[in-house]
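The values are calculated or read from the model by the stated rules, or taken from the named source; none is laboratory data. Values in this document were obtained by computation on a predicted structure and should not be read as measured data. Quick reminder, even Gly has a Cβ in these numbers, built from the backbone with ideal geometry, and neighbours come from all protein chains shown. Side chains included, ligands, DNA and RNA excluded: accessible areas come from the protein's heavy atoms. Shrake-Rupley method; radii C 1.70, N 1.55, O 1.52, S 1.80 Å.
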Amino acid sequence: MARLLVLGSGGREHALVWSLAGEAAGHLLFCAPGNAGTAELAANLAVDLQDHEAVMALVREQRIDLTIVGPEGPLAAGIVDRFQAENLPIFGPRRDAARLESSKLFARELMAGAGIPQPAYVACHSRAAAREAARAQGLPVVLKADGLAAGKGVFVCATEAELEAALDRFFIGQDFGPAGLALSVEECLVGPEMSVFAVCAGEQFAILGTAQDYKRAFEGDRGPNTGGMGSIAPAPLATPELLQQVSRQIFKPVLAALAGRGVPYSGFLYAGLMIVDGAPYVIEFNVRLGDPETQAVLPLLADPLSAVITAALEQKLPPVLALKPAAAACVVLAAEGYPGPYTTGLPIGGLDQLDEEITLFHAGTTRRDGRLVSSGGRVLSLVATADDHAEAAAIIYRNMARIDMPGSRFRSDIGRPQVAAAAEAN
Ligand code: AMP
Ligand code: GLY
């Protein structure tokens, strides 16, 4: 039995805690800061994740054996470096390796050097340079903030007016601060997207799972981008042949390139891919698991998660992890207005009415005077596994109507056969 701590407070972190809680080993679990869902499986510890010294003090106080980092913020800020300097076990990349997500230009340049398939790009540090690169590229063109922008720093510009408006936001409004004063001006690729997750230890890696994320707010992939309104796993596009190609052309060379620069990568690695004419291209790397992809991916992992992480920390990763031959779907229940402004503190009822086949992961929830209330834009995620995605989604949709939260909304087309079929036909 081990004392394990998960850092973070979203649906991804609830899924991590749930996965660890289901292991035969019977761990003692902690989550910081956690949410109302993690509190049912773990002891929630209140702490500001930006305060690394405070997190380490908790780890010592609670005699934590291993800390697992959920979100990218603490990784980009160097929490792993701090823990390692004090000999505290932690799973995640060090700050220099986390630049794969925290600097899009670092990632692009590393991939270019390693021959990893990606869109053509130009690094730009001024409005004039970005405009010139965009004109040379031709429309449509993609502008991407170099630094972390909470998923909002990407503009796909189809017209001159959209291009100028995006440039205004980067350089005049400075909406992204210094993170947006350097840009990657990119060729706009077209094709279905797929996320692939790996567990990495230096140059060793094993694929943990694949998923399709539903990023747009509304049905039929319309409306603004969100953190993700749902997911299915495995990704319908993920044939064994394509995954072999992803391993050979993407994970292997990126890990080798990082190791070659003296910044070996340890932790989860997320490749956001676009499949163009059957070939994978890297849209982005993230140095963490996806949310809400994790909620659909972890229920399909047959190996105990803590054993996988321990194997990575000991550099003894098996090349292949055991996955269940099933399909999972995840549908997010969001507050009205999300991804724009929304209210919190909304009462949530009906959770006791959910069928046993539903695995419920909390995201933005908390308890106030003993009552469950919302505390974020993405509030809950409902997950089910079945023989195929449509069946898993049908189980979820039967249950969604039983949840009572004023103004809540969800996408009603997650895992529908036509969505998967459309993606496959692309
Ligand atoms: P990112 O935050 O880098 O994942 O980008 C958000 C979304 O923008 C992606 O999921 C893609 O749909 C789109 N996108 C980003 N870069 C490109 C590109 N070079 N070509 C086409 N679409 C892109
Ligand atoms: N669902 C997308 C992400 O986690 O970045």
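What does the helix-only formula give at 222 nm for the chain: each DSSP H stretch with n ≥ 4 adding -39500 (n - 2.57), the total divided by the residues, and the result rounded to the nearest 500 deg cm²/dmol? List each step's numbers first, then the result.
Working: 14 runs with 122 residues, N = 426.
Taking each H run of at least 4 residues, the total per residue is -8000 deg cm²/dmol.
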Exercise. So what does log10 I(q)/I(0) come out to for the chain at q = 0.09, 0.13 Å⁻¹, using the Debye formula with one equal point on every Cα and no solvent?
Worked result: -0.54, -1.20
Exercise. Quick one: with all protein chains in place, what share of the accessible area of the chain is carbon or sulfur, to the nearest percent (1.4 Å probe)?
Worked result: 51 percent
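Just want to confirm a number: the relative contact order over the chain, from Cα pairs under 8 angstrom separated by 6+ residues, in percent. All intermediate terms of the calculation are to be shown ahead of the outcome.
Working: 978 pairs, mean separation 68.5, N = 426.
Value for the chain: 16 percent.
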Problem set entry | segment 145-195, relative contact order in percent, only Cα pairs under 8 angstrom and at least six apart counted | 45 percent
Exercise. Say each of Glu162 and Gln315 gets a label point 7 Å from the Cα, pointing the same way as Cα to Cβ; how far apart are those two points in nm?
Worked result: 4.7 nm
Exercise. Which order do Glu219, Glu314 take by accessible area at a 1.4 Å probe, largest first?
Worked result: Glu314, Glu219
For this session: Give the distance, in whole Å, between the Cα centre of segment 60-81 and the Cα centre of segment 340-415.
Result: 28 Å
Exercise. Taking only pairs that are 8 or more places apart or on different chains, how many Lys pairs in the chain have Cα atoms under 27 angstrom apart?
Worked result: 12
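Below 13 angstrom from the Cβ of Phe268, what's the summed charge of the other residues (Lys, Arg +1; Asp, Glu -1)?
Details: positive: Arg12, Arg288; negative: Glu13, Glu72, Glu101, Asp291, Glu293.
Surrounding charge for Phe268 is -3.
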Exercise. How would you order 109-115, 29-35 from highest to lowest mean count of nearby Cβ atoms within 10 Å?
Worked result: 29-35, 109-115
Exercise. Looking at segment 200-274 from every direction and averaging, what is the projected area of its Cα convex hull in nm²?
Worked result: 5.8 nm²
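In what order, largest first, do Val196, Val276 sit by accessible area if the probe radius is 1.4 Å?
Values: Val196 0, Val276 35 Å².
Sorted by accessible area, descending: Val276, Val196.
Under 15 Å from the Cβ of Lys104, count the other residues' Cβ atoms, weight Lys and Arg +1, Asp and Glu -1, and hand me the total. Walk me through the intermediate numbers first.
Details: positive: Arg99, Arg108, Lys144, Lys152; negative: Glu72, Glu101, Glu109, Asp146, Glu186, Glu187, Glu284.
Taking every other residue near Lys104 into account, the sum is -3.
Order His389, His14 by their accessible area, 1.4 angstrom probe, all chains in place, largest first. Spell out each step's value before the answer.
Working: His389 30, His14 10 Å².
Greatest to least solvent exposure: His389, His14.
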Problem set entry | Average accessible area per residue (Å²) across the chain - probe 1.4 Å, nucleic acids and ligands excluded | 40 Å²
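First select every other residue whose beta carbon is under 14 angstrom from the beta carbon of Asp355; then total the charges, Lys and Arg +1, Asp and Glu -1. It would help to have the intermediate numbers written out before the result.
Details: positive: Arg398, Arg402; negative: Asp352, Glu356, Glu357, Glu391.
Neighbourhood net charge equals -2.
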For this session: Just round it to a whole percent: the fraction of Cα-Cα distances in segment 337-380 exceeding 15 Å.
Result: 46 percent
Seminar exercise, completed: Listed residues Pro117, Pro89, Pro325; largest mean-square fluctuation, Gaussian network over the chain with Cα springs below 10 Å, found at Pro325
